Amino acid sequence: MTRDVDHTLNAVGPRLKRLRLRRDVTLADLAEQTGISASTLSRLEAGLRRPTLEQLLPLARVHGVTLDELVDAPPTGDPRVNLRPVASADGSTILPLTRRPGGIQAYKFILPAGKDEQDPQLRTHDGYDWVYVLDGTLRLVLGEHDLILKPGEAAEFDTRTPHWFGATGAGPVEFLSLIGKQGQRTHVRAAPHLGR
């Protein structure tokens with residue numbers, strides 16, 4: 001039993017380093033985000049120090065993984081994603097649908113009813129976005145285009161193009177969004193690929 005615990009704890013350091021590098025975050029940035037000193041983080045990653053629960057909790061939160069994933073606990077057989085909604089001051093709710101850091105991330109957005117005359121504040125950032133409307137009407141301002149998307153409609157675009165999302169005055173809107181770093185696009189297949 002002790003050997004298993006030792007092996008699990010010894011494997012945490014390299015896993016922490018992979019998570020940090022996958023997110024392209026420096027030790028100094030991670031120290032600022034977690035409140036753990038950069039030197040302690042460096043020793044944890046190198047396996048020179050064993051992590052405590054007080055250190056693992058903020059590291060798991062910042063990296064967007066569960067403690068089980070961080071320490072590579074044996075699977076429980078439950079594949080469900082533990083949805084933890086994030087509510088904002090404007091009444092929107094964001095539900096992260098993926099657990100792993102890096103790569104394409106999936107989210108469900110629920111936006112409250114907007115105002116049709118609302119003046120959108122366009123923004124840009126690196127990445128690529130794909131949206132699919134589940135319910136309601138989504139207003140998407142993309143560069144010089146002002147689009148209305150209804151349930152079942154999708155859009156994809158480079159997020160370096162100035163853009164803004166919002167609900168119309170008709171009511172709230174729910175949509176899915178797949179967001180990837182620049183160059184990562186979502187590929188949708190209409191039929192399964194059968195290798196021959």
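What to note about this one:
- Pairs where the first residue, in the stretch 80-101, is modelled with pLDDT of 75 or more and the second is surrounded by fewer than 10 Cβ atoms within 10 Å (Cβ to Cβ) and part of a loop (DSSP other than H, G, I, E, B), C-beta under 6 Å, 6+ apart: LEU95/LEU83
- The stretch 141-158 residues that are within 23 Å of ALA106 (Cβ to Cβ), paired with ones that are in a strand (DSSP E or B) and aromatic (Phe, Trp, Tyr) (beta carbon under 7 Å, 6 or more apart): VAL141/TRP164; LEU142/PHE157; ALA154/TRP130; ALA154/TYR132; GLU156/TRP130; ASP158/TYR128
- Residue within the stretch 177-187 that is surrounded by fewer than 17 Cβ atoms within 10 Å (Cβ to Cβ), modelled with pLDDT under 90 and over 22 Å from the mean Cα position of the chain (by Cα) present: no
- Among the candidates LEU95, LEU147, residue that is farther than 29 Å from ALA60 by Cα and part of a strand (DSSP E or B): LEU147
- Counted residues, the stretch 18-63 - those being surrounded by fewer than 13 Cβ atoms within 10 Å (Cβ to Cβ), in a helix (DSSP H, G or I), aliphatic (A, V, I, L, M) and out of contact with any Gly (no Cβ under 7 Å at 6 or more places or on another chain): 3
- Within the stretch 125-147, tally of residues that are at pLDDT 90 or above and more than 16 Å from LEU176 (Cβ to Cβ): 8
- Taken together, the criteria exclude THR40 from residues that are under 25 Å from THR98 (Cα atoms) and at pLDDT 90 or above.
- Beta carbons closer than 7 Å, at least 6 apart along the sequence or on distinct chains, never pair a first residue in the stretch 48-61 that is not assigned by TED's automatic domain parsing to the domain that holds GLY13 with a second that is modelled with pLDDT of 90 or more and among the charged types (D, E, K, R).
- Scanning the stretch 159-176 for residues that are closer than 20 Å to ILE104 by Cβ and crowded, with 19+ Cβ neighbours inside 10 Å yields a count of 3.
- Subset of the stretch 112-152 [within 19 Å of ASP90 (Cβ to Cβ), surrounded by 12 or more Cβ atoms within 10 Å (Cβ to Cβ) and of a type in the set (Asp, Glu)]: ASP135
The values are calculated or read from the model by the stated rules, or taken from the named source; none is laboratory data. These numbers were taken from a predicted model, which means no experiment stands behind them. Positions of Cβ are generated from backbone atoms using ideal geometry, with glycine treated the same way; all protein chains shown enter the neighbour counts.
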